[in-house]
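Trainee: Here it is, the structure in full.
The values are calculated or read from the model by the stated rules, or taken from the named source; none is laboratory data. The structure displayed is predicted, hence computed values, not measured ones. For neighbour counting, all protein chains shown are included, and Cβ atoms are generated from backbone atoms with ideal geometry for every residue, glycine included. These area figures cover heavy atoms from the full protein model, side chains too; ligands, DNA and RNA do not enter into them. Shrake-Rupley method; radii C 1.70, N 1.55, O 1.52, S 1.80 Å.
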Amino acid sequence: MNAALPSRDARRAEALESFRERGMPHRRFEHWRYSDLRAILDAGQVAQSGTAAWHLEKAPEGVETFDLGKPDAPDWVMRNLGTIGARPTMKEASLAFADGGIALRVPRGRKIAEPARLQISSTGNVRVLLVLEEETSLTLLETHTGDAGLLRNVGVEIALASQAKLSHVRFAASALKSISVEHIGVTQARGAQYRAHFANFGSRLSRTELHILLQEEDAEAHLSGVNVLGDEGHADLTSHIEHVAGNTRSTQLFKKVAGGHSRAVYQGKITVREGANGSDSRQTAKALLLGGRAEADLKPELIIFADDVKCAHGAAVGDLDPESLFYLRSRGVPEAEARHMLVRAFLEDAVAEIENEELRAAIWQDVEHALPHAMRAAR
Amino acid sequence: MLEIKNLHVAVGGKEILKGLTLSIGEGEVHAIMGPNGSGKSTLSYVLAGREGYEITQGSISYRGGDLATMKTEDRAAKGVFLAMQYPVEIPGVTTLTFLKTALNAQRRARGDSELDAMSVLKLVRQRATALQVTEEMLKRALNVGFSGGEKKRLEILQMSLFEPKLAILDETDSGLDIDALKLVAEGVNALRAPERAMLVITHYQRLLNYIVPDRVHVLAGGRIVAEGGKELAHELEAKGYAHIVKEPA
Ligand SMILES: Nc1ncnc2c1ncn2[C@@H]1O[C@H](COP(=O)(O)OP(=O)(O)OP(=O)(O)O)[C@@H](O)[C@H]1O
Ligand SMILES: [Mg+2]
């Protein structure tokens, strides 16, 4: 079977061709309206940025790993690499220019309690592949640190077989000199669950894009995330969830706090395909603007071709509620502390979506760390 | 304790209080009654220090200091407490966490040592039981999904925790069933002390059967238009405001 599949080199050559043809994304291309990458980076720089270093803090027991920089990839890698989800131009670039990356496989029936911790801290292109076989579970903590400037471009592919459950927590530290691009493609079979939380503290330009295909009945995707942005920080989360099969469910809850001159973006498209009857989707995105110079662009979008579908979406941009602030202060809570309480309260339900208690506490710590920057020009 | 002289207050550019004069001594309980829209809540907000309530004339002195120039949170630390007519719902803040934060913020401002989580819990539980504020309510987000009566009981729980010097109760009785009214009144009466004063805003004489006021004031059109002892409340209940408020404000 292996011989019939195109080689990795062939796939990379094809991706390179595709990237060359289409070029850099920009304001009127591939929904990069609020994140003009072409204005600050050209195709040559993407090619030159090379391969990003990654570090997997010892794989949990029961998880098989493969270094994509090595030859003789196993069958499970060859069957999936470069095949999952949409292939926007920057994702093609990550395949074309990355000489490495990490692939993880959870074999059928294994439930892995200990989180897999993946760290990416350098610039460059890199690929990540996750294959969860039938009736498995895994928690992946993906941590982005470092602020060396230029580009980090990550192409992630996730294949969830039936009844597989992945909890994905992506943490991106503030990196105001750097450009961060990541595309995550997910395919989900019957009853598969994808829970993902995106905590992003802003880059010069940060784009996290998801394409999720709920391909069989009872597949569920639950996305949540928080931004705490200050200074010139930027964070764009763009998602496209496709309800391909009926009786599939998706929820999204994003909370964004933007201060300074920062910009928070959410573009969420949901497509319910023909015949995907009985699907249920909800999306909520809210932004809290601190000070008059921050900006939030929240664009939920629904495209429905099926019947008997439940869809709810909402977006709101606001300020701290003066009545709440007065209530707290009238009980003796000093103004700065009251503001702080209310900002935390605003983020609360989105952070609560993280199931793993330890990771949830860690995200709260990062939020605490980022809040003073976001609140600096709060008045 | 509290000395309000010729107070004029504008909200959103519109004058609501138009020369209100009122004085409350230590240990006294005063009631304010008056028609809807006469400015009762406005007065309570001005005393608590809500933004957007502009004092255009007159003065408020509280325990010898100028209340109008004090920050909202400092007033609370110095013993001013307002039980609001419409307590605010704050999702994402647990009631118990809020009580602890507020209590310790006031203690800190007064130079007292902060209480640890266990001591706060003990204190809150002890006061909560008397007001039938349940453990379950304390775990929920502040006022979120609380019934009207539950919100009012939580306000009185805070009063009982903070032990204010000047407590202003803005229609704490509205929305309470008869049993809750008694609980709340007991809570208030338990706090009556020679060094404390209370300002009770209400539409109903019923509350004043339990919390017997030293003075009753009638507020109409932004001014005090009548004053008397507790029998004035009975008279108002029987005859309405019409015979006192001659001209519409
Ligand atoms: N922001 C505002 N802008 C303009 N007018 C306001 C504003 N807030 C309150 N008012 C007006 O001030 C007046 C007094 O309101 P207030 O709430 O003090 O009345 P009240 O005596 O407490 O009435 P109630 O018995 O109904 O509680 C009302 O006519 C109200 O409409
Ligand atoms: Mg009122």
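Trainee: In the stretch A:132-159, what residues are open to solvent by 10 Å² or more (accessible area, probe 1.4 Å) and either of a type in the set (Asp, Glu) or under 25 Å from A:Glu358 (Cα atoms) (or both)?
Mentor: A:Glu133, A:Glu134, A:Glu135, A:Ser137, A:Thr139, A:Leu141, A:Thr143, A:Thr145, A:Gly146, A:Asp147, listed by residue number.
Trainee: Restricting to the stretch A:321-336, and then to whatever is more than 7 Å from chain B (Cβ to nearest Cβ) and in contact with a Leu (Cβ under 8 Å, 6 or more places away or on another chain), can you tell me which residue is surrounded by the fewest Cβ atoms within 10 Å (Cβ to Cβ)?
Mentor: A:Asp321
Trainee: Tally up the residues in the stretch A:301-318 that are surrounded by 13 or more Cβ atoms within 10 Å (Cβ to Cβ) and within 14 Å of chain B (Cβ to nearest Cβ), please.
Mentor: 0
Trainee: Being open to solvent by less than 20 Å² (accessible area, probe 1.4 Å), of a type outside the set (Asp, Glu) and more than 14 Å from chain A (Cβ to nearest Cβ) is the requirement here; does B:Gly34 meet it?
Mentor: Yes.
Trainee: From the list A:His197, A:His211, A:His168, exactly one residue is under 30 Å from A:Ala294 (Cα atoms), without any contact (Cβ under 8 Å) to a residue 60 or more places away in the chain and under 12 Å from the mean Cα position of the chain (by Cα). Which is it?
Mentor: After ruling out the rest, the residue left standing is A:His168.
Trainee: Of the residues in the stretch B:9-31, how many are more than 14 Å from every other protein chain (Cβ to nearest Cβ) and within 13 Å of ligand 1 (Cβ to nearest atom)?
Mentor: Total satisfying the criteria: 9.
Trainee: Which one is most open to solvent (accessible area, probe 1.4 Å) among residues in the stretch A:346-363 that are more than 14 Å from chain B (Cβ to nearest Cβ) and over 17 Å from the mean Cα position of the chain (by Cα)?
Mentor: A:Glu357
Trainee: Given the options A:Phe171, A:Phe254, A:Phe201, name the one that is open to solvent by 20 Å² or more (accessible area, probe 1.4 Å) and of a type in the set (Phe, Trp, Tyr).
Mentor: A:Phe171
Trainee: Ok, one more. Of all the residues that make up the stretch A:236-268, how many are touching a residue at least 60 places away in the same chain (Cβ under 8 Å) and either under 25 Å from A:Leu320 (Cβ atoms) or assigned to a strand (DSSP E or B) (or both)?
Mentor: Summing the residues that are touching a residue at least 60 places away in the same chain (Cβ under 8 Å) and either under 25 Å from A:Leu320 (Cβ atoms) or assigned to a strand (DSSP E or B) (or both) in the stretch A:236-268 gives 15.
Trainee: Scan the stretch B:31-38 and give yes if some residue there is in contact (Cβ under 8 Å) with a residue 40 or more places away in the chain and away from ligand 2 (no atom under 13 Å from the Cβ), otherwise no.
Mentor: For the stretch B:31-38, residues in contact (Cβ under 8 Å) with a residue 40 or more places away in the chain and away from ligand 2 (no atom under 13 Å from the Cβ): present.
Trainee: Let me ask something else. Report those strands (runs of 3 or more DSSP E) wholly inside the stretch B:52-124 carrying at least 1 residues which are of a type outside the set (Val, Ile, Thr) and more than 14 Å from every other protein chain (Cβ to nearest Cβ).
Mentor: Where strands (runs of 3 or more DSSP E) fall fully within the stretch B:52-124 and carry at least 1 residues being of a type outside the set (Val, Ile, Thr) and more than 14 Å from every other protein chain (Cβ to nearest Cβ), they are B:53-62.
Trainee: Here is a follow-up. Going by the conditions given, is B:Ala48 open to solvent by less than 10 Å² (accessible area, probe 1.4 Å), in contact with a Ser or Thr (Cβ under 9 Å, 6 or more places away or on another chain), within 25 Å of B:Thr101 (Cβ to Cβ) and more than 16 Å from ligand 1 (Cβ to nearest atom)?
Mentor: Against the criterion (open to solvent by less than 10 Å² (accessible area, probe 1.4 Å), in contact with a Ser or Thr (Cβ under 9 Å, 6 or more places away or on another chain), within 25 Å of B:Thr101 (Cβ to Cβ) and more than 16 Å from ligand 1 (Cβ to nearest atom)), B:Ala48 does not qualify.
Trainee: Among the residues of the stretch A:1-54 satisfying the criterion of being open to solvent by less than 50 Å² (accessible area, probe 1.4 Å) and hydroxyl-bearing (Ser, Thr, Tyr), which is modelled with the highest pLDDT?
Mentor: A:Ser18
Trainee: Tell me which residues, restricted to the stretch B:61-87, are buried (at least 17 other Cβ atoms within 10 Å of the Cβ) and within 16 Å of ligand 1 (Cβ to nearest atom).
Mentor: Selection gives B:Leu82, B:Ala83, B:Met84, B:Gln85, B:Pro87.
Trainee: Which ones in the stretch A:51-82 are closer than 19 Å to A:Asn153 by Cβ and not aliphatic (A, V, I, L, M)?
Mentor: Of everything in the stretch A:51-82, those that are closer than 19 Å to A:Asn153 by Cβ and not aliphatic (A, V, I, L, M) turn out to be A:Thr51, A:Trp54, A:His55, A:Asp67, A:Gly69, A:Gly82.
Trainee: Between B:Gly49, B:Gly39, which is closer than 18 Å to B:Leu22 by Cβ, modelled with pLDDT of 95 or more and within 8 Å of chain A (Cβ to nearest Cβ)?
Mentor: Testing whether each residue is closer than 18 Å to B:Leu22 by Cβ, modelled with pLDDT of 95 or more and within 8 Å of chain A (Cβ to nearest Cβ) leaves just B:Gly49.
Trainee: Taking only the stretch A:272-300 into account, find how many residues are free of Cβ contacts under 8 Å to residues at least 60 places away in the same chain, farther than 15 Å from A:Ala245 by Cβ and open to solvent by 80 Å² or more (accessible area, probe 1.4 Å).
Mentor: Of the residues in that region, 3 qualify.
Trainee: Among strands (runs of 3 or more DSSP E) lying entirely in the stretch B:150-239, which contain 1 or more residues that are surrounded by fewer than 21 Cβ atoms within 10 Å (Cβ to Cβ)?
Mentor: B:215-220, B:223-228
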